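Everything on this sheet refers to the single structure shown next.
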Amino acid sequence: MAYKFIIYKDKAGEYRVRFRASNGQVLFSTEGYAAKSSATSVIESIKKNAPGAETEDQTTAAAAS
C-alpha cells in the first residue's frame, strides 16, 4: 500500500482529509469542511505547494527565545 489521501465524512457531516502512510498509520488529518470540493482543494494545494516544504524545529534553544 502506498501513501494516500482519504476523504471521509465525520460524525458532524463535514468532509475531512486523512493522509495515511504505507504502513496504515494516519500522519495527519485536516479540519472539517462543509463542501467536499474544499477537502479536494486541500489535497491539490498540498500536492502543488508542499513538495519542498521546509522543516522548522521549534524545540531548539534558539527557537525558544
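When THR60, THR55, THR40, THR30 are ordered from fewest to most other Cβ atoms inside 10 Å of their Cβ, what list results?
Fewest to most other Cβ atoms nearby, the residues stand as THR55, THR60, THR40, THR30.
Extension gain ALA50-ASP10, at 0.36 nm per residue separation less the Cα-Cα distance, in nm?
11.9 nm
Normalising by the residue count of the chain, find the relative contact order in percent from Cα pairs under 8 Å and 6+ residues apart.
23 percent
Rounding to the nearest 10 and keeping the result within 0 to 90°, find how far the Cα-based axis of helix 36-49 lies from the longest principal axis of the chain.
Around 30 degrees separate the two axes.
With a cut-off of at most 13 other beta carbons within 10 Å, and DSSP calling the residue loop, which chymotrypsin sites (Phe, Trp or Tyr not before Pro) in the range 3-48 qualify? Please list them.
Answer in residue order: TYR3.
Which of the three applies to the range 4-51, rounded, prolate or oblate, going by the alpha-carbon gyration tensor with a ≥ b ≥ c and a/c under 1.5 meaning rounded?
oblate
Every read-out reported here was derived from the displayed coordinates using simple, explicitly stated rules and does not represent laboratory data. Just so you know, these numbers come straight off a predicted model, no measurement behind them. Cβ sites come from the backbone with ideal geometry, for glycine too, and all protein chains shown count toward neighbours.
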